[in-house]
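In what follows, a single structure is set out as structure tokens and then discussed.
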Amino acid sequence: MIREVPVKPVIVPPVPGRIVPSRFVLVASLALLWGGMVHQAISASPLLEEGIARDLVAEARIRLEQDDAETAGFLLRRAYGIAPHQGDSLFLLAGILPRDRSHAVVRERLLRRAGNLSLDETDPALVVGDLAHLLIETGRPARARELLEEFHRQDRNGGALEAALALARAADSGIPRLPGSEDQGVEHSGLEEMTRLDYLFLQALLETEPFGASSALIQRFRSRYPRDRALAALDFRRSHRVGLGPLEWFEAALAEPPGSSREASLLAGAIASFLPRVPWDLQGEAGHLRYDLARWYYHLGGKDPLFAVPFLALPGGGRAENHTLSGQTIALVEEALQQGDKRLWEALSRTIRENTPEERFWDEGPFPLGEVFDTAWQNLSRERSARLILQDKPRLTVEEYHFEEGRLVAWKRDRKGDGLFEEVLLFPGGHQGRAILFSRAGSRDQEVLAVHYSRYPLVSRVVRYDLVQGEEGQGALWRESPPAEEIRSRSSFLWIPAGPVPYDIELRLEEKEGFVRALPARREEEPLSLWNGLVGRVRFSLGSDRFLRQLASDDARSLTAAQAREATAELRELGVIR
């Protein structure tokens, strides 16, 4: 009998780097499963982020309705950090910021960025409208016109100018039609007010076209929209005379009470645009007209204290008969004086000059000034230092006047309303004639010219600072505030003449219909009084190319790194650079 011997299976050891066939199916299956999960996660990640960002924006809108701007701002910034390709959060952030000059640049950056990104729940017309309005506020109507023209061309297959002219021509026929709808027989909707974009374009158009052509155009629009209060205010701001037409318009508009707070605000704005054209004589019909319109302005909710000044500063310090103001209106004037509103002092002086023709020039003020202004004057006289702000509304441009111990020591002007001062004057020598002028108003915005006067108009040194800006972040690294600026030493040059060089920029302090004073005073016996500084405005004529040859010559030397750092800190403290 043959005995069977059990045979052991032969196990072949795996070759290094080779997968055993019995495990191949399992490993391959796991790899395919894991790859599919990773691919699904990667492809779903952007969708998840967009959803989170939309939820944050939606919650921010709710917070804004509840007047919780702080929380809304936090949510909107988180939304942009998660989804930096969406612009809704940036548009809402721009709306949260105060509409003043210190936030103008940030608002513009937010609006431009939002307009270049995708918008989920925001109408692009809102972004364009806010940006165009900001450009007009900061004195750039030509850029606003270009922006609106391009938007209309993309949105309506026709430019904004074409649309405006079509609306203007419609006023002649009496049957207004929508632009581009003549062939379809679609009549205008019968709106009593212009759309916001059309109004903004017309405003930009009027500021960039010759006065005669723009006057004819706006009259056509006034015929088409006779009840439009914003359009009327725009017309009144451009006019320099008081005619029968505006008076009839106000009579009709004031006879019918405004139906909403918005209508009241627009009507108050129309009055504010018209009042500066009314004569400052407070006697007779002109005085009654100014008083009646001023009272209507404050009754409709107007907050500008300027129009109350003439009735608080009459000859002898008293008030005109029957020209009384409410305590609430007087409180507006007192608060503005405490905040340093220079316009009120200028209006005070002009009122007294117009109503007291025999008194034309004062050094220390035409006292008494009336109860409200006498108190403000005493407070200013006692203060060691004071700052007055001059802002000609509705622009964001501003001038600052700094006083120490009753004399003007510094003056600054922001021409653009972007938060930076293009021109700064310092008077460190008091009445000794010393002065320093910093100017950023040349052809290149990345340069600052500094002119040092040893005794005006003799120049002792000139410096040209070349500015460089920090890098701009991209995507989620992009920041609301613009990058900081600093002075580049190698391309900044200092020129010191062998002897003082005369450079008269006609520097003066002048008041409309009043005095004109050299600034700084040429002789010590002609000091500039506090009153002159309150009611006068700094004026000069600067030639930006005066020292180009000297700064490019071998006599000029570049700044050292230490000098550049010191100048950067000084210009930043003065508000000339960021």
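Worth pointing out:
- Solvent-accessible area of L380 with every protein chain in place, 1.4 Å probe, in Å² to the nearest 10: 30 Å²
- In the context of the full set of protein chains, residues of region 207-256 present 52 Å² of accessible surface per residue (probe radius 1.4 Å, heavy atoms only).
- Rounded if a/c under 1.5, otherwise prolate or oblate - region 536-577, Cα gyration tensor axes: oblate
- In Å², nearest 10: area of S491 left accessible to a 1.4 Å probe: 40 Å²
- Ordered from largest to smallest accessible area (heavy atoms of protein chains, 1.4 Å probe), the residues R295, R224 come out as R295, R224.
- Compactness of region 46-172 as Cα Rg over 2.2 N^0.38 Å, two decimals: 1.20
- Region 536-577, accessible surface, carbon-and-sulfur percent (1.4 angstrom probe): 44 percent
- Inter-label distance, nm, simple model (7 Å from Cα along the C-beta direction), A562/T356: 5.7 nm
- The order of H299, H288, H323, H402 by accessible area, most exposed first and with a 1.4 Å probe, is H299, H288, H402, H323.
- Share of carbon and sulfur in the accessible area of region 46-172 stands at 50%, probe radius 1.4 Å.
- For region 536-577, the solvent-accessible area with a 1.4 angstrom probe is 59 square angstrom per residue.
The values are calculated or read from the model by the stated rules, or taken from the named source; none is laboratory data. Computed from a predicted structure; not experimentally measured. Ideal geometry is used to build each Cβ from the backbone, glycine not excepted, and the neighbour counts take in all protein chains shown. Just the protein is used for accessible areas: all its heavy atoms, side chains included, with ligands, DNA and RNA removed. Shrake-Rupley method; radii C 1.70, N 1.55, O 1.52, S 1.80 Å.
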